[in-house]
Amino acid sequence: MILAIDSSIGTSVALSDATGRLLSERSEAGHLSHAEVIGDLIGAVLREANADRADVTAVASGMGPGPFTGLRIGIAAARAFGVARRVPVVPVVSHDAIAAARLDRPVDGDLVVVTDARRREVAWSRYSGVDASGPVRVSGPELAAREGFDVVDAERLDAAEVPAALVARLAALTLTGARHHETDDVIYLRAPDVTLSTRKRVTP
């Protein structure tokens, strides 16, 4: 079974079989409660599928784009689960998972996935299509000002969530070799608001 976790927008957790077929899924829309709900969501999807942690053979982790604080909570949970169970952790670009909704409905032309980046900005990624190996990303993820951002030469897909079920589906394709393996790089929308001071410490 594949346990999938994404916290790039809200928090979504899913459990699928090895082929990516969904067994259970739970989500929480709030973007400030990742740490509070993620453990409960993992427990809930396991119970709903009548599964145990020992049944998980791989973990899929949504890698963003997303805000620093929320995104790293989901990734940390995925990596911790993978280490504890000694199973592989498969990174999945969160925008790719959104585009994977078109796996069962072919796209005629390019597709642009758009998500809210807050601060009057959007994050976007462009795809040349979706084939048997999943979405084919040709640019992005990138940030753009919300005002004036328009898509005129492609289908636009605005998403308010990243379903972990689709993260699991792409991870299944990766594990079978049908899709390339993404790098383990986290895609933060921007640098964290709080940084360590670079001033020298003054001691008496």
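The values are calculated or read from the model by the stated rules, or taken from the named source; none is laboratory data. Here the structure is a predicted model, which means the values were calculated and not measured. Because the Cβ atoms are built from the backbone with ideal geometry, glycine has one as well, and the counts that use them run over all protein chains shown.
Quick check: anything in the stretch 33-42 touching a Gly at 6+ places or on another chain (Cβ under 6 Å), in a loop (DSSP other than H, G, I, E, B) and closer than 26 Å to Arg190 by Cα?
No - not one qualifying residue is present in the stretch 33-42.
Of all the residues that make up the stretch 119-165, how many are buried (at least 20 other Cβ atoms within 10 Å of the Cβ) and in contact with a helix residue (DSSP H, G or I) (Cβ under 6 Å, 6 or more places away or on another chain)?
The total comes to 7.
Has the stretch 83-98 got any residue that is charged (D, E, K, R), out of contact with any helix residue (DSSP H, G or I) (no Cβ under 7 Å at 6 or more places or on another chain) and within 20 Å of Met1 (Cα to Cα)? Let's see the steps before the verdict.
Applying the first criterion (charged (D, E, K, R)) to the stretch 83-98 yields 85-86, 96.
From what is left, the residues that are out of contact with any helix residue (DSSP H, G or I) (no Cβ under 7 Å at 6 or more places or on another chain) are 86.
Within this subset, residues satisfying the condition of being within 20 Å of Met1 (Cα to Cα) are 86.
Yes - at least one qualifying residue is present in the stretch 83-98.
Which of the residues belonging to the stretch 160-177 are under 19 Å from Ser12 (Cα atoms), over 12 Å from the mean Cα position of the chain (by Cα) and outside any loop (DSSP other than H, G, I, E, B)? Before the answer, list the steps.
Keep residues of the stretch 160-177 that are under 19 Å from Ser12 (Cα atoms), which gives 160-172.
From what is left, the residues that are over 12 Å from the mean Cα position of the chain (by Cα) are 160, 172.
Answer for the stretch 160-177, where residues must be under 19 Å from Ser12 (Cα atoms), over 12 Å from the mean Cα position of the chain (by Cα) and outside any loop (DSSP other than H, G, I, E, B): just Ala172.
Taking the condition of being at pLDDT 95 or above, of a type in the set (A, V, I, L, M, F, W, C), assigned to a helix (DSSP H, G or I) and more than 13 Å from Ser8 (Cα to Cα), how many residues in the stretch 82-124 meet it?
4
When you scan the stretch 140-183, how many residues do you find that are in contact with a Ser or Thr (Cβ under 7 Å, 6 or more places away or on another chain) and more than 22 Å from Arg26 (Cα to Cα)?
5
Condition first: small (Gly, Ala, Ser), in contact (Cβ under 8 Å) with a residue 40 or more places away in the chain and either more than 23 Å from Ala178 (Cα to Cα) or touching a Phe, Trp or Tyr at 6+ places or on another chain (Cβ under 8 Å) (or both). Now tell me which residues in the stretch 1-50 satisfy that.
First pass over the stretch 1-50, keeping only residues small (Gly, Ala, Ser): 4, 7-8, 10, 12, 14, 16, 18, 20, 24, 27, 29-30, 33, 35, 39, 43-44, 49.
Going one step further and asking which of them are in contact (Cβ under 8 Å) with a residue 40 or more places away in the chain, we end up with 4, 7-8, 10, 12, 14, 16, 18, 20, 27, 29, 49.
Within the stretch 1-50, Ser7, Ser8, Gly10, Ser12, Ser27, Ala29, Ala49 qualify.
Could you give me the residue pairs with C-beta distances under 7 Å whose first residue belongs to the stretch 124-139 and is more than 18 Å from Arg169 (Cα to Cα), whose second residue is buried (at least 23 other Cβ atoms within 10 Å of the Cβ) and among the β-branched types (Val, Ile, Thr) wherever it lies, and which are 6+ apart or on separate chains?
Taking only residues 6 or more apart or on different chains, the pairs are Trp124/Val113; Ser125/Val113.
Would you pick out the residues in the stretch 54-81 that are modelled with pLDDT under 95 and either in contact with a Phe, Trp or Tyr (Cβ under 9 Å, 6 or more places away or on another chain) or charged (D, E, K, R) (or both)?
Once the filter is applied, which keeps residues that are modelled with pLDDT under 95 and either in contact with a Phe, Trp or Tyr (Cβ under 9 Å, 6 or more places away or on another chain) or charged (D, E, K, R) (or both), the stretch 54-81 yields Gly66, Pro67, Phe68, Leu71, Arg72.
Inspect all residues belonging to the stretch 55-71 and state whether any of them is assigned to a helix (DSSP H, G or I) and crowded, with 17+ Cβ neighbours inside 10 Å.
To start, the set of residues in the stretch 55-71 that are assigned to a helix (DSSP H, G or I) comprises 55, 68-71.
Applying the additional criterion that residues be crowded, with 17+ Cβ neighbours inside 10 Å yields 70-71.
Yes.
Is it the case that Val186 is among the hydrophobic types (A, V, I, L, M, F, W, C), free of Cβ contacts under 8 Å to residues at least 40 places away in the same chain and surrounded by 12 or more Cβ atoms within 10 Å (Cβ to Cβ)? Talk me through it step by step, then tell me what you get.
Values: among the hydrophobic types (A, V, I, L, M, F, W, C): yes; free of Cβ contacts under 8 Å to residues at least 40 places away in the same chain: no; surrounded by 12 or more Cβ atoms within 10 Å (Cβ to Cβ): yes.
For Val186, the condition - among the hydrophobic types (A, V, I, L, M, F, W, C), free of Cβ contacts under 8 Å to residues at least 40 places away in the same chain and surrounded by 12 or more Cβ atoms within 10 Å (Cβ to Cβ) - is not met.
If I ask for residues that are without any contact (Cβ under 8 Å) to a residue 12 or more places away in the chain and charged (D, E, K, R), which ones from the stretch 144-179 would you list?
Asp150
Restricting to the stretch 1-23, and then to whatever is of a type in the set (Gly, Ala, Ser) and more than 13 Å from Leu166 (Cβ to Cβ), can you tell me which residue is farthest from the chain's Cα centre (by Cα)?
Ala18
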